[in-house]
1. Just for the range 95-135: of the residues that are in a loop (DSSP other than H, G, I, E, B) and in contact with an Asp or Glu (Cβ under 8 Å, 6 or more places away or on another chain), which one is nearest to Leu180 (Cα to Cα)?
2. Is there a residue being crowded, with 19+ Cβ neighbours inside 10 Å, assigned to a loop (DSSP other than H, G, I, E, B) and within 15 Å of the ligand (Cβ to nearest atom) anywhere in the range 83-94?
3. Do you know which residues across the range 2-27 are away from the ligand (no atom under 15 Å from the Cβ), in contact (Cβ under 8 Å) with a residue 60 or more places away in the chain and touching an Asp or Glu at 6+ places or on another chain (Cβ under 6 Å)?
4. Tell me which of these Arg166 doesn't satisfy, since it passes every other one: (1) over 23 Å from Arg223 (Cβ atoms); (2) within 14 Å of the ligand (Cβ to nearest atom); (3) basic (Lys, Arg).
5. Out of curiosity, is Arg143 more than 12 Å from the ligand (Cβ to nearest atom), outside any strand (DSSP E or B) and basic (Lys, Arg)?
6. Please specify each residue of the range 335-392 satisfying the condition of being among the aromatic types (Phe, Trp, Tyr) and surrounded by 19 or more Cβ atoms within 10 Å (Cβ to Cβ).
7. Which number in (1) modelled with pLDDT of 95 or more; (2) within 19 Å of Pro170 (Cα to Cα); (3) outside any strand (DSSP E or B); (4) open to solvent by less than 50 Å² (accessible area, probe 1.4 Å) marks the one condition that Ala2 misses?
8. Where the second residue is open to solvent by less than 60 Å² (accessible area, probe 1.4 Å) and not basic (Lys, Arg) and the first is outside the structural domain of Gly322 (by TED's automatic domain parsing) and lies in the range 369-391, which pairs have Cβ atoms under 8 Å and are six or more apart or on separate chains?
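The values are calculated or read from the model by the stated rules, or taken from the named source; none is laboratory data. Since the model is a prediction, treat every value here as computed from it, not as a measurement. Glycine also receives a Cβ, built like all others from the backbone with ideal geometry; neighbour counts cover every protein chain displayed. Remember, those area values only see protein heavy atoms, side chains included, never the ligands or the DNA or RNA. Shrake-Rupley method; radii C 1.70, N 1.55, O 1.52, S 1.80 Å.
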Amino acid sequence: MARLTGRRIVLGITGSISAYKAAEVVRGLIQEEADVRVTMTKEAMHFIGPMTFTALTGHPVAIEQFPPHGQPGEEHIDLTIWADVIAVVPATGNIIGKMANGLADDLLSTVLLTCDVPCCLAPAMNFRMLGNPAVQANMDVLRNRGYHVIESAYGPLANGEIGEGRLAAPDQIVEAIAILADSRRDLAGRRVLISAGPTAEPIDPVRFITNRSSGKMGFSIARMAAQRGASVTLVAGPTNQSDPYGVTVERVKSSEDMHQTVFHHLDGQDVVIMAAAVADYRPKQTADHKIKKGAPTLILKMERTRDILKEIAQNKPPVLVGFAVETHEGLQYAKQKLIDKNLDLIVYNDITVEGAGFDVDTNIVTLLHRDGREEVLPKQLKIEIADRIMDEVVALLHTQETVLS
Ligand SMILES: Cc1cc2nc3c(=O)[nH]c(=O)nc-3n(C[C@H](O)[C@H](O)[C@H](O)COP(=O)(O)O)c2cc1C
């Protein structure tokens, strides 16, 4: 299962210069195993042809409000009934105005007026149009009516100017749609703090010691926690993973930075999941200047870093989850870590097994519970494992509330 398996998404495309990026959004949705139908305005077809979307989705693109040859002409209702989510990408100033004022003079605007499922829109326009009070007022009307606005970005615009109004990145739009399409919301109102990625311990101004963690597992957990409604803070070591949609991301470098940032955000968290591969040792001294090549050997003196998880456990949040990544005799070590660090759950990961560990999209993990239960999960996508971990987190929160009440 991917993030949108079996979910039915209607994508409405309007006449913005960025309409070509809707093709990337459709691809992203299909990669997440969504079933996608596209409807375009006539103006959108000046910018990209419907054939692209027919080829990508395997379905005809709906354009005509009044179909020829005496067909029923109920497509605006059929699409709404079919959809789990309707997304307007890109959304012109024009369609935003029509939506805010309940106008329906073509197929897409009529679909939107009929829409009774979650709906989002990703505005894209020149900053002058975006700054127009009428456009801003229309967007406020839509936000207040429960539409989700995927905010546009600051950057280079179509005419070469720099400003607000650039369509949000396609991967961010796909993530926003995934969040909207997930009806579980079983972490709504919960605060979740997650660490991810490696740390980099400086040797001198140009060198550092790091490890092979890619951050994929921790970022997947952040995505899933957000998808299920949590308010998520992610503290990430150096990694090329892009910011998950709707998550507060703090980028750090060394274990000391990670320690400080995690503790800065710790207060009031309901759930803390430490998935980062924090260095156990760091150079005792960082040279001020680049160390020159010279002697045949160089000895670096290392010192222990601070044990973030252990320090958190001293003032334990309601749910505390750790990770253990090992190459031999790991299960025993993970069980000990669960007890030593007062964890509710530990996710054990033997990286010597094919399809598990760093920098791959899949993982094979064992969940070790405080009550001694051990669950070996089959090889699956990290996002699926993240979803499974969230099931456990939700169960742990419920158990604790039952015990307390
Ligand atoms: C080259 C060109 C680029 C345009 N880009 C945008 C845009 O990015 N955003 C926008 O709101 N309107 C843009 N417009 C104006 C819209 O195409 C116009 O308002 C149109 O009526 C929108 O129709 P629709 O909302 O039914 O698709 C552009 C027009 C042209 C000619």
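1. Pro118
2. Yes, that holds for at least one residue.
3. Ala2, Arg3, Leu4, Arg7, Arg8
4. (1)
5. yes
6. Tyr348
7. For Ala2, the exception is condition (1).
8. none
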